[in-house]
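Below you'll find the structure, written out as structure tokens, and then a few comments.
The values are calculated or read from the model by the stated rules, or taken from the named source; none is laboratory data. Predicted, not measured: the structure shown is a model, and the values here were computed from it. Cβ placement follows ideal geometry from the backbone for every residue including glycine, while neighbour counts extend to all protein chains displayed. Surface areas here come from the heavy atoms of the whole protein model, side chains and all, with no ligands, DNA or RNA. Shrake-Rupley method; radii C 1.70, N 1.55, O 1.52, S 1.80 Å.
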Amino acid sequence: MAALMRPPDHETGESGEVWLERAAEAVARGPFGHHTHWTSPTHARPTGDGDPGAKVRRESAWLRQQGLAPTLFCGGGWYTDAGVAAACAEAGYVDCTARATRPTYLPPNARWAELAGPARIALDDGVVLRALPTTHSAGDALRAALRRSLPPALHVYFHDTDLVEPRRRRIITAALHLLGKRRPAIDLDELATSLHGAPETAWAAVARGS
């Protein structure tokens, strides 16, 4: 289990002190990662003008100033672009933003990245971004486990807020229980060590939207 956390939004009054306490608890439990909302705490994807990659760099620098060393990244609303990918590579992150399938709620031409399995993504100037795509929601994972149709590497995502909603919590618990019987568990940091042998693919081959 990995915790990918959005840094506090000081403009809306979110407490950095409380956030750091929770981040310390997460770090003690397993792999730790960086999650970004570009517009606001309640609006994940970018709106209007701006440089999404620059925000990733600012937040990454802030996290390190707090003594944290995130190893993973996931863009809010599954948003990514070439600038965000480059910022993740610069930070040394393993990017989990790519999806195996298109998120159904995205509007036409929305930017996202499609990737079926672990890969090394070739960016400009010889930069390579290591990527572990997110393959399943909890519901998708439960259906796949029941059908016995699992990919070689299955990466399930859910939000912490899902755990306080009884129906969602039951789905997550059932999915993880069944998957645990079918496959050995491995954390994302450990899986990332195998990426040196992963296939290399061009950014243009995975980028979607405009």
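Output the number of the condition that Trp62 fails; it satisfies all remaining conditions of (1) farther than 22 Å from Ala202 by Cα; (2) without any contact (Cβ under 8 Å) to a residue 40 or more places away in the chain.
Exception for Trp62: condition (2).
Does Asp49 satisfy the condition of being assigned to a helix (DSSP H, G or I), at negative phi and of a type outside the set (Ser, Thr, Tyr)?
no
Looking at this structure, is Ala192 out of contact with any helix residue (DSSP H, G or I) (no Cβ under 6 Å at 6 or more places or on another chain) and either of a type outside the set (Phe, Trp, Tyr) or at positive phi (or both)?
Yes.
Could you check how many residues of the stretch 1-46 are among the acidic types (Asp, Glu) and assigned to a loop (DSSP other than H, G, I, E, B)?
Adding up the residues that qualify gives 2.
Pick from the stretch 37-82 the residues that are open to solvent by less than 50 Å² (accessible area, probe 1.4 Å) and basic (Lys, Arg): which of them is farthest from Glu14 (Cα to Cα)?
It comes out as Arg45.
Counting only residues that are open to solvent by less than 20 Å² (accessible area, probe 1.4 Å) and touching a residue at least 24 places away in the same chain (Cβ under 8 Å), give me the helices (runs of 4 or more DSSP H) lying completely in the stretch 91-210 with at least 2 of them.
138-147, 166-182
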